[in-house]
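Have a look at the structure below, then the notes.
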Amino acid sequence: MDTEVLGEAAPAVRSSRPPRSSMGRTDRGRLEKLLKELRGHHWGFGSAAAGLAFLELVATHSSPPAPLNHSRDALMMALAPRLTARHRADQFRRAATLLARGASRDSWAQAAALILRAHAVSLDARPEARLELIQFCERAMGLAPSSVDTAIPRVALLLKPSGLPVAGFKELAVAQVQALCTAALLEVCARRPYAGWSMLDIDAALFALRHHYANAETTLCGETATVSQRQEDFREVGLPLWEALRQAAIRLAAKPGCAPCRDDAWHQRTQAAVFLAIGTAKSATRADALAVPVHTEGPTRIICRRPIAPSAERIDREELERHRVLECPLPVATMPRRAALEAAHRRLLLEFPWAEDVLDAVFDDLLGRAAVGSAFLVMPPTLLVGQPGCGKSRLARRLADELGLPRLDLCLGGSADAKMLCGTSRGWSSGRPGDLATLLATQLSASAIVILDELDKAQGPLRNDVGIQAYLLGLVEPETAARHHDVFLKTECDFTGVLWLATANALTGIAPALLTRFRVLMVRQPRPQDLVVVARNVIEDMAERWGVDRQVLPGVEELNLPLGRLTSARQVRQATEGAIAHWARELQRH
């Protein structure tokens with residue numbers, strides 16, 4: 001039956017004289033008072049008038065249809081004297097449930113049931129009762145009711161079941177969400193916050209908090225705001241309120257018979273998802289929305305599962321905004337296919353024939369992981385050890401290039417502290433996040449490879465600083481890498497997608513505790529027959545640095561290198577670079 005027809009039929013039903021029934025004069029007086037109160041309320045949906053007329057018909061008819069008898073009995077029970085407000089509200093809710101169920105979901109009955117539910121909330125404003133009304137509105141819109149575990153509750157805008165307009169139900173649900181958030185805010189200021197709340201009340205308030213920030217265009221206090229202002233409101237108001245509700249749930253869970261609250265990981269993931277939802281809401285504009293990476297079909301990971309703490313300093317805010325992308329899902333590097341790994345293995349063997357044992361160990365591990373179906377590109381922390389000039393630093397860089405990951409080169413020779421990894425404090429002109437966090441933010445990736453060159457030459461700590469080797473203990477272990485604290489961002493970062501590759505001339509300068517975390521691979525010096533390959537690699541590197549085609553530079557045979565007198569890759573590099581520079585000068589003269 002169309003909404004317009006219902007709207008026209010309503011006045012006719014109200015104006016008709018109801019048949020006589022067994023209702024007493026006192027009951028009739030209470031009913032008329034209730035109907036007058038309900039008619040004086042602005043309900044906001046088109047079928048409200050028809051719903052009120054249907055409700056009056058059910059309550060006053062001498063012989064209503066059999067399916068509605070139970071609803072009528074519950075309604076009259078709600079009008080009985082000497083009932084507490086909560087018991088009266090329970091009877092109204094029971095009448096609404098029976099009314100909607102007994103009328104085969106007729107549009108009039110649905111509207112009448114919704115009115116009774118809303119009136120019950122005016123008598124009993126517990127968060128649990130408001131949540132039930134929100135779920136009832138969703139059912140009226142033809143949706144599955146949102147669970148309290150729903151991370152990002154969204155308001156439906158397009159679904160329109162026959163006979164009922166959606167807008168009014170949506171507005172009623174949003175009003176209940178706002179009332180729930182206000183009640184939770186006011187309760188924080190009480191002498192004993194949330195003392196009379198149940199676990200379902202707390203779940204309802206947390207649900208409303210997520211619902212508000214995912215859909216509303218206002219702050220939690222109802223002020224119209226831009227996306228960036230709502231994100232700031234979430235950090236300064238929403239998160240503290242969330243934490244207060246979580247602590248109340250923890251206290252309540254300690255009591256017998258109460259279900260345990262969700263773990264910290266669930267709260268962290270959900271908070272990050274809600275913060276991201278603020279930037280992707282319908283009201284977000286292109287200029288005002290949070291910058292997010294291009295959507296990817298592969299796996300993603302959120303580096304900062306808790307929102308980055310705000311700052312009052314302008315210079316800090318600019319740096320923080322460049323790293324907000326770490327609060328968004330970023331792509332994780334997937335394991336390459338077997339054919340791609342084998343091709344990379346062959347290319348590196350041609351460039352480093354003297355490091356065959358090292359390359360076999362690295363790629364055997366990767367091929368084994370790929371064979372068992374590993375989804376992510378992972379590799380144990382690896383340390384390449386060899387004498388000076390054996391080419392281990394270039395081997396590390398080339399291996400990173402073949403894996404196709406963003407690369408961070410850290411030369412640790414002479415380094416004393418870990419500020420390059422942990423970041424530096426705010427409030428100073430030198431304050432900034434760690435280099436690893438900046439790399440992931442600029443490359444829009446949750447995966448990277450860090451090359452720790454000359455790990456054995458890292459100096460001990462100066463004054464009160466933490467030594468770089470001691471600090472690395474928490475980064476190369478997956479358990480602690482997932483909760484790495486950045487001093488500047490003031491939040492935990494998940495660096496489990498980062499691969500670690502280090503080089504050293506000897507093992508004596510490396511702390512034993514750190515050494516046990518690495519897979520140690522020995523790189524031999526190039527053999528005499530390998531020196532030609534080293535010279536060829538040097539020429540290719542110089543062509544890349546000079547920005548010219550490789551064919552422009554001469555070949556190894558044209559340079560007359562004294563390979564017979566050279567004993568290391570470093571000597572070959574120096575000799576080759578000198579010969580190329582001499583060749584270029586001679587070319588200019590001619």
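The values are calculated or read from the model by the stated rules, or taken from the named source; none is laboratory data. The structure displayed is predicted, hence computed values, not measured ones. Reconstructed Cβ throughout: ideal geometry from the backbone, glycine too, with neighbour counts over all protein chains shown.
Within the bounds of the range 187-209, is there any residue that is buried (at least 19 other Cβ atoms within 10 Å of the Cβ) and at pLDDT below 85?
no
Within the range 248-262, identify whether any single residue is under 29 Å from residue 317 (Cβ atoms), surrounded by 12 or more Cβ atoms within 10 Å (Cβ to Cβ) and either modelled with pLDDT of 80 or more or in contact with a Cys (Cβ under 6 Å, 6 or more places away or on another chain) (or both), and answer yes or no. No, the conditions are met nowhere in the range 248-262.
State yes or no: is residue 243 surrounded by fewer than 15 Cβ atoms within 10 Å (Cβ to Cβ), of a type outside the set (Gly, Ala, Ser) and more than 18 Å from the chain's Cα centre (by Cα)? For residue 243, the condition - surrounded by fewer than 15 Cβ atoms within 10 Å (Cβ to Cβ), of a type outside the set (Gly, Ala, Ser) and more than 18 Å from the chain's Cα centre (by Cα) - is not met. Evaluate the range 226-233: report whether one residue or more is of a type in the set (Ser, Thr, Tyr) and surrounded by 19 or more Cβ atoms within 10 Å (Cβ to Cβ). No, the range 226-233 has no match at all. Restricting 274, 294, 372 to residues that are in the same structural domain as residue 447 (by TED's automatic domain parsing), out of contact with any Ser or Thr (no Cβ under 9 Å at 6 or more places or on another chain) and either farther than 30 Å from residue 394 by Cβ or at pLDDT below 90 (or both) narrows the list to 372.
Please work out which one of (1) at pLDDT 85 or above; (2) over 16 Å from residue 510 (Cβ atoms) is the condition residue 427 fails and give its number. It fails just one condition, (1). Go through the residues of the range 477-488 one by one and say whether even a single one is without any contact (Cβ under 8 Å) to a residue 60 or more places away in the chain, acidic (Asp, Glu) and not in a helix (DSSP H, G or I). Among the residues of the range 477-488, at least one is without any contact (Cβ under 8 Å) to a residue 60 or more places away in the chain, acidic (Asp, Glu) and not in a helix (DSSP H, G or I), which makes the answer yes.
For the range 478-525, taking the residues that are of a type in the set (D, E, K, R) and touching a Pro at 6+ places or on another chain (Cβ under 7 Å), the one that is farthest from residue 467 (Cα to Cα) is identified as 519. The set of residues from the range 202-220 being in contact with a Leu (Cβ under 8 Å, 6 or more places away or on another chain) and not in a helix (DSSP H, G or I) comprises just one member, 220.
Of the residues contained in the range 469-476, one or more are found to be at pLDDT below 85, assigned by TED's automatic domain parsing to the domain that holds residue 426, of a type in the set (S, T, N, Q) and surrounded by 14 or more Cβ atoms within 10 Å (Cβ to Cβ). Right, residue 524: touching a residue at least 60 places away in the same chain (Cβ under 8 Å) and under 24 Å from residue 354 (Cα atoms) or not? It is true that residue 524 is touching a residue at least 60 places away in the same chain (Cβ under 8 Å) and under 24 Å from residue 354 (Cα atoms). The lone criterion from (1) farther than 22 Å from residue 325 by Cα; (2) at pLDDT 85 or above left unmet by residue 302 is number (1).
Restricting 535, 502 to those that are of a type in the set (Gly, Ala, Ser) and modelled with pLDDT of 85 or more reduces the list to 502.
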